Amino acid sequence: MASARASFLQLLLSFAIFFVLPRVDLKEVRSKACESKIQTSLVRFFTPFLLARNEILASSLYPDPSASCLNEFIEAPAIEEFPSWTVDSFSSSPSNPSHSNPPTNWSLVIHVLAWRRIRSLERLLMSLDNASFTALHPAHSPVRTIDLFIHIDGGSHPNVNNLAHAYTWRYGNKFVIQKKHQIGIFGIMTSAWDLGSSTATHALFLEDDISLSPYFLDFIQLCVSSFLSHRSAIGCALHTPRLDEVNFTADPQNPPAFTPEKVIGKNFSKFYMQLPCSWGGVYSRESWSRFLTYTKKRRADGINIYIPNSRTNDWQRSWKRYFVEYMVGNGFVLLYPSLPSQRSFATNHYEHGVHTVKNGDVVRVPDYLREDPDKRFTVPLVTEDTVAEDWKRLERDLNAQIPVVNLWHSKVVCQNAGKLNATQCALKKLWVAGDQVRKLWKDLEIEGLLI
């Protein structure tokens, strides 16, 4: 009798899920079910039914960042409830942060992505050629080689190929990879780093409308050697964003401004952020490998995962949509610079191309450079005139706690850090919140994600 009653109740639940759930306001449901244990139990129970609808709503796991229950949802358990490696790996101060002792256990490969923009590629290669790896510390010679790969998409301009082959790279080997067919930025990004043949521990990805500060390699070395010791920190961003392209806005073509120092304060020269960078992003080998595994599984199964209150769900042609899911699910962050006037080690010139037009519009790639730089994207670079001041700021707070900013461009604040400092606690909160999504991934058998 009890078994029959249970079967009848399950039948009613199935009916409700298929015919009622699509009409339910998930925001309202989420606001009434703020406790993470309740949310997680419900979603894990309903997962098989949602899979039948071929739709997984991450918003039912990850609450609205504006909701009052957010801090309660991602409140970290006691330290004893975490694996033994967690406390050490969340340390925000390296044991030996001095930039005067470059590490010997990391290596870098650079991937340049090109297509039909000849002038843009020429500008980028010139800035690469001006790289001054030893300018700030003359006593240290570049003991490691850095290989350069120039990837050219199918249907490219012949002069792009000629320029790539003629260019001389003085830090290591140069390879030109020409695609026979056009695969787009997504295809090149996810195939550029051949982890099977490359031994590099980190990779820098550069689109062809980027130019670099002469000191970009120094910043990468500083970042990798001193600020990627946490399991949550998976890379470095050379570009400081000036826009909030994640939160919804009335005019998507003109998103609101983002000024880091207004969020984290003026006393910090760097911050961790839960946002991938395509304009000079450095990623660790392990994190990139897991990302490729996730993307392959995610796209092959046709599963839709929606991040709440995020415009990234609409980035149909962008690899960053999947990387955002990957970062949110794992609580990962990149280290971003925060210098006066948002000076950076890479800037984007926002030349005409696929990313500058609306979905469906015709893409025109003219052979000239913009005469009217878009200051929303084109930030000033760290130059010889500013490097002394900027580097002093970067090294001044090597041992300081670093602010953490979430995907929605808000500072993560801990009320009760306990034995952890502010950085440790903030990273821990992102990690705990991401654990809820990882449990869903496990139910979906999306393997190879946990680092």
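Using a 1.4 angstrom probe and counting only protein chains, how large is the accessible area of residue 293 in Å², to 10?
Approximately 60 Å² for this residue.
Give me, ordered by chain and number, the residues 5 or more places off residue 381 or on other chains with an amide H under 5 Å from its own placed amide H.
Answer set, sorted by chain and number: 344.
Using 0.36 nm times the number of residues separating residue 443 and residue 198, minus their current alpha carbon distance, what extension gain do you get?
Contour length minus Cα-Cα distance gives 84.9 nm.
How big is the accessible area of residue 209 in square angstrom, nearest 10, if you roll a 1.4 angstrom probe over the protein chains?
Accessible surface of residue 209 is approximately 0 Å².
Through the Karplus equation 6.51 cos²θ - 1.76 cosθ + 1.60, θ set to phi - 60°, convert the phi angles of region 325-330 into ³J(HN,Hα) values in whole Hz; use x for Gly and Pro.
Values per residue, Gly and Pro as x: 4, 5, 6, 5, x, 9 Hz.
Find how much the distance from residue 293 to residue 397 grows on full extension, using 0.36 nm per residue of separation minus their present alpha carbon separation; answer in nm with one decimal.
33.8 nm
Output needed for region 231-290: three equivalent-ellipsoid semi-axes, defined as square roots of 5 times the C-alpha gyration tensor eigenvalues, in descending order, whole Å.
Over the Cα atoms of region 231-290, the semi-axes work out to 23, 17, 10 Å.
So what are the three principal axis dimensions of region 192-280 from its Cα atoms, in whole Å, longest to shortest?
46, 31, 29
Calculate the spin-label point distance for residue 175 paired with residue 317, positioning each point 7 Å from the Cα along the beta-carbon direction, and give it in nanometres.
The two pseudo-label positions are separated by 2.7 nm.
The values are calculated or read from the model by the stated rules, or taken from the named source; none is laboratory data. Since this is a predicted model, take the numbers as computed values, not measurements. Neighbour counts run over all protein chains shown; Cβ positions are idealised from the backbone, glycine included. Remember, those area values only see protein heavy atoms, side chains included, never the ligands or the DNA or RNA. Shrake-Rupley method; radii C 1.70, N 1.55, O 1.52, S 1.80 Å.
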